[in-house]
Amino acid sequence: MIQAVKGMRDILPPSSGVWNEVEAAARQVFHRFNYREIRTPLLEETALFARGVGEETDIVSKEMYTFDDRDGSSLTLRPENTASVLRAYVEHRLDQQPGLQKLYYIGPMFRRERPQKGRYRQFFQIGAEAIGADSPAVDAEAIELAVAILEAAGISGFELLINSVGSKESRAKYNEALRAELKEVAPQMCEDCRRRAETNPLRVLDCKVPGDQPIIEKLPSILDFLDHDDKEHFRRVREFLDDRHIVYTIKPRLVRGLDYYMRTTFEITHGALGAQNAILGGGRYDGLAETIGSKVPAPGIGFSIGEDRLVMAVEETGKSKVAPLDLYIAPMGDTALRHCAVLAGEIRKLNLSVEVGTDRKLKRMLELANKLEARFTLILGDNDIVSQAYSLKNMATGEQETLSRAALIDRLKNNG
Ligand code: HAM
C-alpha cells in the first residue's frame, strides 16, 4: 500500500469546503485592502532562501527540501514565500509601478519539521506583502489586515503579540550584548543554543527547550537597544494600532525565526491550537531585497497565516457551514433517468447544486438524500414525465407538492 508522504496530508471533503470558505473570505478582505494576487513557482534556486531567510535559521539549516537538478543547479521547494515575492518584485522591476505593491498569495510551503498536530511538512499559507515604503502606517495597516482576515474567517479570541527587533545597527549591538551574556550561560543550555550563542545569538531566543527558558528570560531585552529612529517607528506603529482599537501585547522576546526581519515583528496566537499556537507571523524586512542581490531598495512588511491552523481553529468553533445540496433527484426507471439528466442540467444553470441518484432502490436513494442534507428531493417515475407531475419534497418541512415542470423550476429558483 502506497501512502501519502510523512507530514503531507490529503485534504478531503467536508474539510476542503472549510478551506474554500476560508480562502474566499481572505480574498474578499484582500480586495477591500487593495491587495492583488501574486503566484510564484514552488521551486526556487536554493541561494534565494539561504541568503534571504538566513543560513543559521532552523528553516535553512535543517528543514529545506533541496535537490540537485539534472543540470547540477541546486533547487529548493519553497519553505516560505516572502523571499520569492521579493525576488519577483526585483526581477520584474515592480518598484517602477506607481504606489505600494500590495501582493497576496495562497499556496503550499514545505519544511521538513517533526510532524505533529498543526505542524506539517507540506502546509499552506495565506500571505500578504506590502512593498515599497518604510512608514509605520503600512505596518499598522498590515496588522489590521491580518486581524480582519481572521475575523472574516469567523474566529475570535486570538492574541496579537508585537515587538521591534530594531534596525541592522541596533540589532548588531544587541547581538554583541547577547553574545557576551551567553558566554557565561550557554554551557548550561541545549546544543543548538550553544552553537547559536556563537553564530547567531538572536536565534537563541527562538529556543523552545523548556529547560532553557529561565535562562532566556534573564537575557537582555532588545527594546533597550533600539536607537532613536527605531523607537520612534515602533511608537508610531503602536499609536496607529491604538487609533484602530487593535489590542496587542508587547513581547520583547519575539524575534521570529527568520533573519530578514527588522523593526516591527508580530504574531497572532490562538488558544484552540495547542502547542503549535501561532496562527500567523510577520514583520518588516527592509534590506531583504539587497540581501538577495537587488540594487534597488524595497522596504516592506508582511505576514503569513498558517492556513492549516486557521482551518483547524474555524472547525473548532463549529460555526463553519458548508453549502448544502439544493436538490436530490431520484429517477425511477430508464426513461426518467434520461429525462432527469437534462432537467438537472437546466436547474444547475440557476446556480443550484443538483445530484441525480443512480441506485435502483428508492429507499436507498432517499437515505442518501438525507445524508447529503439535500434541501429538496424530487422523485420521478417514467409516468410522471408523461403526465408532467413533478413531486417535490421540502426536506426541512416535510411538505410535498406536485408541480408542472415550469412551476418546479420557478419554485427552486425562488428558494435558491
Ligand atoms: P513563519 O512564522 O515561518 O513566517 O510562518 C508563518 C505561519 O505559518 C506560522 O505562524 C504558522 O501558522 C504557519 N506554519 C509555519 N510552519 C508550519 C508548519 N510546518 N505546519 C503548519 N503551519 C506552519 C513566514 O513564513 C514568513 N514568510 C511570514 C512573513 C511574511 N513575514 C513577512 N512576510
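The values are calculated or read from the model by the stated rules, or taken from the named source; none is laboratory data. Keep in mind the model is a prediction, meaning the values are calculated, not measured. Please note: Cβ atoms are built from the backbone with ideal geometry, for glycine as well, and neighbour counts cover all protein chains shown.
The listed residues are 38, 2, 11, and the only one of them that is surrounded by fewer than 11 Cβ atoms within 10 Å (Cβ to Cβ), of a type in the set (Val, Ile, Thr) and at pLDDT 95 or above turns out to be 2.
Residue 33 falls short on exactly one of the conditions (1) away from the ligand (no atom under 12 Å from the Cβ); (2) out of contact with any helix residue (DSSP H, G or I) (no Cβ under 6 Å at 6 or more places or on another chain), and that condition is (2). If you scan region 88-118, which residues turn out to be under 13 Å from the mean Cα position of the chain (by Cα) and surrounded by fewer than 18 Cβ atoms within 10 Å (Cβ to Cβ)? Within region 88-118, 107, 108 meet the criteria. Residues in region 223-238 that are crowded, with 16+ Cβ neighbours inside 10 Å and out of contact with any Pro (no Cβ under 9 Å at 6 or more places or on another chain): 225, 226, 230. Mind listing whichever residues of region 37-54 are out of contact with any helix residue (DSSP H, G or I) (no Cβ under 8 Å at 6 or more places or on another chain) and either of a type in the set (A, V, I, L, M, F, W, C) or farther than 15 Å from residue 82 by Cβ (or both)? The answer is 42, 43, 45, 46, 47.
With the structure loaded, tell me whether residue 137 is in contact (Cβ under 8 Å) with a residue 24 or more places away in the chain, within 17 Å of residue 266 (Cβ to Cβ) and in contact with a strand residue (DSSP E or B) (Cβ under 6 Å, 6 or more places away or on another chain) or whether it fails that test. Considered against the rule, which asks whether it is in contact (Cβ under 8 Å) with a residue 24 or more places away in the chain, within 17 Å of residue 266 (Cβ to Cβ) and in contact with a strand residue (DSSP E or B) (Cβ under 6 Å, 6 or more places away or on another chain), residue 137 comes out as no. Contact annotation: residue pairs with Cβ atoms under 6 Å, 6 or more positions apart or on different chains, pairing a residue in region 287-305 that is assigned by TED's automatic domain parsing to the domain that holds residue 51 with a partner that is among the aromatic types (Phe, Trp, Tyr) and part of a helix (DSSP H, G or I), are 298/89. Is it the case that region 73-82 has a residue that's away from the ligand (no atom under 16 Å from the Cβ), at pLDDT 95 or above, out of contact with any helix residue (DSSP H, G or I) (no Cβ under 9 Å at 6 or more places or on another chain) and not aliphatic (A, V, I, L, M)? Looking for residues that are away from the ligand (no atom under 16 Å from the Cβ), at pLDDT 95 or above, out of contact with any helix residue (DSSP H, G or I) (no Cβ under 9 Å at 6 or more places or on another chain) and not aliphatic (A, V, I, L, M), one finds none in region 73-82, hence no. Every condition in (1) outside the structural domain of residue 187 (by TED's automatic domain parsing); (2) more than 29 Å from the chain's Cα centre (by Cα) holds for residue 211 except the one numbered (1). Screening residue 237 on (1) assigned to a strand (DSSP E or B); (2) within 16 Å of the ligand (Cβ to nearest atom); (3) more than 20 Å from residue 105 (Cβ to Cβ) shows it passes everything except condition (1). Is there a residue being buried (at least 21 other Cβ atoms within 10 Å of the Cβ), within 15 Å of the ligand (Cβ to nearest atom) and assigned to a loop (DSSP other than H, G, I, E, B) anywhere in region 294-317? Yes.
Which one of these is among the β-branched types (Val, Ile, Thr) and in contact with a His (Cβ under 8 Å, 6 or more places away or on another chain): 379, 329, 385, 409?
Values: 379 fails: in contact with a His (Cβ under 8 Å, 6 or more places away or on another chain); 329 fails: in contact with a His (Cβ under 8 Å, 6 or more places away or on another chain); 409 fails: in contact with a His (Cβ under 8 Å, 6 or more places away or on another chain).
The unique qualifying residue is 385.
Could you list all residues from region 243-261 that are within 11 Å of the ligand (Cβ to nearest atom) and either part of a helix (DSSP H, G or I) or surrounded by 18 or more Cβ atoms within 10 Å (Cβ to Cβ) (or both)? Matches in region 243-261: 254, 256, 258, 260, 261. Scanning region 366-378 for residues that are modelled with pLDDT of 95 or more and over 38 Å from the mean Cα position of the chain (by Cα) yields a total of 1. Applying the condition of being away from the ligand (no atom under 11 Å from the Cβ) and crowded, with 23+ Cβ neighbours inside 10 Å to region 263-290 and asking which residue is nearest to residue 136 (Cα to Cα) yields 263.
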